[in-house]
1. Look through the stretch 22-70, keep the residues that are touching a helix residue (DSSP H, G or I) at 6+ places or on another chain (Cβ under 6 Å) and not in a helix (DSSP H, G or I), and return whichever of them is surrounded by the most Cβ atoms within 10 Å (Cβ to Cβ).
2. Does residue 77 fit the bill of being within 21 Å of residue 11 (Cβ to Cβ) and at pLDDT 75 or above?
3. Kindly indicate the residue of the stretch 1-21 that is surrounded by 16 or more Cβ atoms within 10 Å (Cβ to Cβ) and aromatic (Phe, Trp, Tyr) and also nearest to residue 72 (Cα to Cα) among those meeting that condition.
4. If we scan the stretch 138-154, do we find a residue that is at pLDDT below 75, among the charged types (D, E, K, R) and closer than 27 Å to residue 62 by Cβ?
Amino acid sequence: MKQFALPIRFGIATSGCLIAYFLILALFNLHTNVFYSLFNGVITGFGIYESIKYYKLEVQKGFDYGKGFTAGLVTGFVATLVFTLFFALYATEINAAFLQELTTVWFNDFKSFEGIVFFTVAIMGFATSLVLTLSFMQLFKTSNNPVKKQVSSELH
């Protein structure tokens, strides 16, 4: 469980940033514009990147691809779960008209529109977490390539 402490903390911090961003958008009545949700990927990506980076610094020589990948996924999944729970609470309890404002056409056509929206938010977060973790691990993984000898030193 100790190996998950840092990624869970980063996941909670990342979800706090996602929630703060959403609430700032809500202050300006921009939270119904889906275009602004693209920045959620930037916030999540930064949280995952920092989590992997600090996890690598923490374990140093014990760091490998699997452990870094796990740290990134745990961070992204925790952030996604917490944000999805907040989003569901906001849409059902704080601002019940939010989902209807989000898209009037969909709301009238589907009986369980709320469930579809919450599921979509969660899936988008999980997919973003997986893709960004795979991408960032390319930066942090150790190379398995053999070390090349310097040819110039052998010539002299």
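The values are calculated or read from the model by the stated rules, or taken from the named source; none is laboratory data. Since this is a predicted model, take the numbers as computed values, not measurements. Reconstructed Cβ throughout: ideal geometry from the backbone, glycine too, with neighbour counts over all protein chains shown.
1. Filtering the stretch 22-70 for residues that are touching a helix residue (DSSP H, G or I) at 6+ places or on another chain (Cβ under 6 Å) and not in a helix (DSSP H, G or I), the one surrounded by the most Cβ atoms within 10 Å (Cβ to Cβ) comes out as 31.
2. Details: within 21 Å of residue 11 (Cβ to Cβ): yes; at pLDDT 75 or above: yes.
Yes.
3. 10
4. Taking the stretch 138-154 as the starting set, the residues that turn out to be at pLDDT below 75 are 141-154.
Applying the additional criterion that residues be among the charged types (D, E, K, R) yields 141, 148-149, 154.
If we keep only those that are closer than 27 Å to residue 62 by Cβ as well, we get 141, 148.
Yes, some residue in the stretch 138-154 is at pLDDT below 75, among the charged types (D, E, K, R) and closer than 27 Å to residue 62 by Cβ.
Residues are listed down the side, and each one gets a yes or a no for (1) within 15 Å of residue 128 (Cβ to Cβ); (2) β-branched (Val, Ile, Thr):
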{"site": "24", "(1), (2)": "no, yes"}
{"site": "46", "(1), (2)": "yes, no"}
{"site": "53", "(1), (2)": "no, no"}
{"site": "58", "(1), (2)": "no, no"}
{"site": "61", "(1), (2)": "no, no"}
{"site": "72", "(1), (2)": "yes, no"}
{"site": "76", "(1), (2)": "yes, no"}
{"site": "82", "(1), (2)": "yes, yes"}
{"site": "87", "(1), (2)": "yes, no"}
